[in-house]
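Notes follow once the structure below has been shown.
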Amino acid sequence: MNPEPVIQLIDVQKRFGSQNVLKGVSLSIFEGKTTVVVGASGQGKSLIIKHILGLVKPDSGKVLVYGKDVNKIRKKELKEIRSNFGVLFQNAALFDSMTVFDNVALPLRERTRAKEGEIKTVVNEKLSLMELEGSNDKYPAQLSGGMRKRVGLARALVLNPKVVFFDEPTTGLDVALSNEMYRVFFRTQTKLSYTAVIVSHDVPKILKLADYVALMHNGVVQDCLSPEDFQTSDNPAIREFVQKTMGYIYESEQVEG
Amino acid sequence: MPILRFFEKFGDISLYYVNQAGRMGIFLFVVIVNIIKFPYYKISHITKQIYIIGALSIFVIIFTGAFTGMVISLQGYNTLRKFSSEGLLGSAVALSLIRELGPVLTALMVTGRAGSAICAEIGIMRNSEQIDALECMAIDPHKYILAPKFIASVVSMPLLTAIFDVVGIFSGYMIGVGLLGANEGSFFSSMYKDVEFSDIYMGFVKSVCFGILVVWICSAKGYYVHMERRGGFGAEGVSRVTTSAVVLSSVLILVSDYFITSLLL
């Protein structure tokens with residue numbers, strides 16, 4: 001039997017103008033597990049993360065984090081809940097007028113009473129975990145895409161959060177850098193044992209890291225299954241997705257050889 | 001039907017502007033609450049903003065103040081001479097600068113120099129998800145980004161206005177007395193006799209109000225760039241919203257100037 005989920009979306013609906021993006025999304029995220037939300041572009045995958053973070057309010061439905069509805073609690077409580085979160089944004093969302101060191105140090109400086117010496121130790125430790133030693137004084141514009149993402153992850157992990165959200169962690173990276181990003185993810189999760197929510201369309205590679213895989217299709221989560229069950233699911237939408245993303249490139253098996 | 005479409009469009013636009021006004025009002029309230037509320041911000045955040053908004057504006061304020069004082073003196077001397085009242089040149093220059101031109105022109109210059117920069121900076125932060133990132137780190141952007149800018153603007157504006165007034169009066173003296181030959185004694189005695197504390201007070205109140213107005217409009221416009229009616233996305237969205245922030249601030253400075261004057265006179 002599964003333990004109590006730390007995050008639960010219950011029948012979440014969201015409309016932007018005439019576009020009905022989320023048509024009743026229900027999803028549970030379990031502690032210490034890695035849940036991957038997959039789906040084609042424009043299906044509202046990132047919107048799910050924004051709902052959990054309380055950045056977007058649903059038109060209807062509930063978003064429960066540690067049993068509290070993030071849309072019905074006071075700002076102070078929301079702040080407390082968010083203090084358990086770390087987020088790696090799609091474009092890393094680094095503060096472009098700050099150096100790498102200052103970006104990673106920001107949560108420590110603003111949210112803790114740590115002294116500058118302690119901050120330096122923690123930041124350097126996180127940067128070395130990301131293999132970013134020697135980049136302390138660089139600005140985000142001077143970094144490659146992969147390095148920016150790793151700085152974003154270092155910043156997300158600097159306060160040792162319980163839940164970390166990854167919004168398209170490998171978008172815009174080449175194969176080698178994507179693999180490096182996954183290795184960094186695996187290394188940090190093993191070390192810090194956080195709950196991970198990953199939004200990605202990097203199938204099948206992402207399935208290797210997942211404990212659960214959920215498919216967003218037609219504005220709803222079709223199902224949330226283990227990677228093995230996901231690949232053999234009878235759900236037509238999942239089957240179609242698996243075939244499209246993991247099937248043969250050529251039209252017949254024979255041609256593929 | 002075209003008439004119905006017209007009313008639909010009209011209603012849509014009206015609702016948008018009512019919404020925007022409400023949003024900006026709430027924004028101002030939230031920032032003021034965050035300024036007062038514990039925990040307080042680091043002094044380094046405020047000094048950095050005073051440097052950006054205030055110190056970096058000093059040169060342009062001295063320059064505009066000097067030429068404003070010079071032209072008032074030139075115009076004033078030639079007008080007063082028609083009535084043989086050149087002796088009043090000092091009070092004319094000082095009063096027009098202290099009560100009106102000092103606060104208004106300083107505010108307009110700060111809008112152009114620092115207000116536009118504030119709007120663009122916050123707009124870019126919004127569009128590149130930096131503000132979302134702050135919220136996700138449980139750091140309140142109202143406290144971290146906006147409160148120091150508000151405090152810096154309210155502190156800087158009266159000081160810049162004072163510099164503008166002093167430079168303007170001095171350059172008016174140089175032109176009136178040094179170049180046009182007005183009597184030096186009458187220049188200072190008329191100024192000493194006619195400028196009262198209420199004039200200084202009016203200039204001070206105006207500069208504080210303009211300080212709040214500039215930083216409020218410019219930061220709110222940048223903060224809500226994603227809610228702009230014509231789309232606030234990308235570089236074009238930020239440039240559009242910066243232009244509209246500068247125009248709106250400038251217009252509101254002139255409008256509020258009239259109302260503050262009528263209240264304090």
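What follows is calculated from the coordinates using simple rules that are stated; it is not laboratory data. All of these numbers come straight from a predicted model, not from anything done at the bench. Virtual Cβ from ideal backbone geometry, glycine too; neighbours counted across all protein chains shown.
The per residue volume of the convex hull around the alpha-carbon atoms of chain B is 168 Å³. In straight-distance terms, cross-link reach from B:Lys48 covers every one of the lysines whose alpha-carbon lies under 18 Å from its own, apart from those fewer than eight places away in the same chain; here that gives B:Lys143, B:Lys149.
In region A:128-257, what percentage of the DSSP-assigned beta bridges are antiparallel, given to the nearest 5? The answer is about 45 percent antiparallel.
What is the calculated FRET efficiency for A:Met98 to A:Lys62, with r their C-beta to C-beta distance and R₀ = 41 Å, to the nearest 0.05? Working from the Cβ atoms, E equals 0.65. Unpaired Cys in the protein assembly as shown, meaning no second Cys C-beta under 4.7 Å: A:Cys224, B:Cys136, B:Cys209. Once both labels are positioned 7 Å from their Cα atoms along Cα-to-Cβ, the gap between A:Ile10 and B:Arg81 label points is 8.6 nm.
Put simply, the amide H of A:Val221, placed in the peptide plane, has neighbours under 5 Å in A:Ser26, leaving out anything fewer than 5 places away on its chain. Compared with the direct C-alpha span, the chain from B:Phe204 to B:Ile26 gains 61.5 nm at full extension, assuming 0.36 nm per residue. Between B:Ile58, B:Asn127, B:Met191, whose Cα lies farthest towards the positive end of the dipole of chain B when Lys and Arg beta carbons carry +1 and Asp and Glu beta carbons carry -1, centred on the Cα centre? The listed residue farthest towards the positive side: B:Asn127. Sparsely packed loop sites in region B:1-109 (the chymotrypsin sites (Phe, Trp or Tyr not before Pro) outside DSSP H, G, I, E and B with at most 10 other Cβ atoms within 10 Å) comprise B:Phe83.
Karplus-derived 3J(HN,Hα) values for region A:140-157, using 6.51 cos²θ - 1.76 cosθ + 1.60 with θ = phi - 60°, are x, 5, 8, 9, 7, x, x, 5, 4, 5, 5, 5, x, 6, 4, 5, 5, 9 Hz; glycine and proline are entered as x. Could you give the distance between the Cα centres of region B:191-214 and region A:186-202, to the whole Å? If we compute the Cα centre of each part, the gap is 59 Å. By the count of other C-beta atoms within 10 Å, a proxy for reagent exposure, B:Cys209, B:Cys136 are ordered fewest to most as B:Cys209, B:Cys136.
At most 13 other Cβ atoms within 10 Å plus a DSSP loop assignment makes a site exposed; report the longest stretch of chain A without any exposed trypsin sites (Lys or Arg not before Pro).
A:116-257
Placing unit charges on each Cβ (+1 for Lys and Arg, -1 for Asp and Glu) gives region B:1-99 a dipole about its Cα centre, and among B:Tyr17, B:Gly87, B:Val30 the Cα reaching farthest toward its positive end belongs to B:Val30. Once backbone amide H atoms are built at 1.01 Å from N, A:Gly86 has A:Val163, A:Val164, A:Phe165 as its partners under 5 Å, excluding neighbours fewer than 5 places away on the same chain. Normalised by the number of residues in chain A, the average gap of Cα pairs under 8 Å and 6 or more apart makes the relative contact order 25 percent. In order along region A:82-93, the phi-based Karplus estimate (6.51 cos²θ - 1.76 cosθ + 1.60, θ = phi - 60°) of 3J(HN,Hα) comes to 5, 5, 8, 9, x, 10, 9, 6, 3, 9, 6, 6 Hz; Gly and Pro are listed as x. Cross-link partners for A:Lys23 among the aspartates and glutamates, with Cα-Cα distance under 17 Å and sequence neighbours closer than 8 places in the same chain left out: A:Asp11, A:Asp59, A:Asp223. Checked against a 31 Å cut-off, the cross-linked pairs A:Lys33/A:Lys57; A:Lys14/A:Lys120; A:Lys57/A:Lys126; A:Lys45/B:Lys221; A:Lys45/A:Lys120 give Cα-Cα distances beyond that limit for A:Lys14/A:Lys120; A:Lys57/A:Lys126; A:Lys45/A:Lys120. Work out the FRET efficiency for A:Thr190 and B:Ala117 from their Cβ-Cβ distance, taking R0 = 45 Å, and round it to the nearest 0.05. Efficiency, from the Cβ-Cβ distance: 0.50.
For region B:77-85, 3J(HN,Hα) computed residue by residue from phi via the Karplus equation (6.51, -1.76, 1.60; θ = phi - 60°) reads 4, 5, 6, 5, 4, 4, 9, 6, 10 Hz, glycine and proline entered as x. Each helix, a run of at least 4 DSSP H residues, gives -39500 (n - 2.57); summed and divided by the residues of chain A, these come to -10500 deg cm²/dmol at 222 nm.
Over all directions, the projected convex hull of the C-alpha atoms in region B:210-264 averages 3.9 nm² in area.
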